[in-house]
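Notes for the one structure printed next.
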Amino acid sequence: MLPTPVDLTLDEIQSRFGTDEKARQYLEEIRWPNGVVCPHCKNADHKRIWEIKENPAKKIRAGLYHCAECKKQFTVTVGTIFEDSHIPLRKWLVAWYLLCSSKKGISSLQIQRMLGLGSYRTALFMTHRIRYALAHPAFSGMLKGVVEVDETYVGGKSRGMGRGMHQPNKTCVVSLVERGGNARSLVLDRVTSENLYGAIMDHVQDGSAVVTDDFLGYRNMPKIYKHKSVKHCAEEYVCREKGMDVHTNNVEGKFSLLKRGIVGTFHQVSKKHLPLYLAEFDHRFNHRKDTDGARTVSALKCAEGKRLTLKPLKKGGK
Ligand SMILES: [Zn+2]
């Protein structure tokens, strides 16, 4: 019997999925909760799929299936970020767990040490693939209700207290946080009203209340939203308006976690890879009420269908 996500602690992972065979069976449970599906033709008729018996002499691995519809063979890793990886599946599972359960993130160097990986590059490759898998499924469905929006700057050196274009070394991140719900974080090339509204319109449902601070860039919010702003410059942090608390505490709390992660764990993140780190932080935020195990399982479900679009990392990337 497989443990439920609630039971899935690091100790569980090590004792119950300590072999690649067990790790593979576990992934099969997560990927195919209703039985094996052919990743090539999506055939789910179990009478038309059979398992090929393991035969080391003929180099037939365990977990190999044959689909009678498309006449192709596959394993659970086909069409996932694990495909063609030489890293043992059990190590992948532990890496996912570590990434999903570390609140401020975990560095690739630490993953390398903890999993005994041969090189830093391997650890980097794994963590980027995991982040990549997390980056996309979050973008389904619109945020609604009361959505707090704020921007912040990460990386580079501080130059004065200016906003927007006054800080050329820094990268702007905008986060949208639905109260009691999910968050989305994006990198903005330039902080303009147009870009800010674009991000809001891409992710927030019409008719929602959008709460921001009093930054000029939000002044002409599209009329499809009920816009409320809190005046930070007048030291007004929370006020009540028509039964709604006007504040941006949730999005600010999320930023402080991100900043502690980037400063404390990743040190420096390149602009190119920042969206991947944001996805990782968003995923942890969106599953903040879950146990570490449940958060890992929901992350593993993102592993499918991500392989083809992942470009190999260039040397020296973070
Ligand atoms: Zn098939």
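A few comments on the model shown:
- Condition broken by V78, with the remaining ones in (1) touching a His at 6+ places or on another chain (Cβ under 9 Å); (2) touching a residue at least 60 places away in the same chain (Cβ under 8 Å) satisfied: (2)
- Restricting segment 73-102 to residues that are surrounded by 15 or more Cβ atoms within 10 Å (Cβ to Cβ) and of a type in the set (D, E, K, R), the residue that is nearest to the ligand (Cβ to nearest atom): E83
- In segment 36-68, residue most open to solvent (accessible area, probe 1.4 Å) [restricted to those that are small (G, A, S) and either outside any loop (DSSP other than H, G, I, E, B) or more than 12 Å from the ligand (Cβ to nearest atom) (or both)]: A57
- Pairs with Cβ under 6 Å, 6+ apart, first in segment 27-43 and without any contact (Cβ under 8 Å) to a residue 40 or more places away in the chain, second within 16 Å of the ligand (Cβ to nearest atom) and assigned to a loop (DSSP other than H, G, I, E, B): V37/A44; H40/C70; H40/K72; C41/E69; C41/C70; N43/E69
- Among the residues of segment 138-160, those that are closer than 30 Å to M244 by Cβ and at pLDDT below 75 comprise A138, F139, S140, G141.
- Residue satisfying all of: in segment 22-35; over 18 Å from I81 (Cα atoms) and open to solvent by 30 Å² or more (accessible area, probe 1.4 Å); nearest to the ligand (Cβ to nearest atom) among these: N34
The values are calculated or read from the model by the stated rules, or taken from the named source; none is laboratory data. Here the structure is a predicted model, which means the values were calculated and not measured. Every residue, glycine among them, receives a Cβ derived from its backbone with ideal geometry; neighbour counts consider all protein chains shown. What goes into the accessible areas is simple: the full protein's heavy atoms, side chains included, and nothing from ligands, DNA or RNA. Shrake-Rupley method; radii C 1.70, N 1.55, O 1.52, S 1.80 Å.
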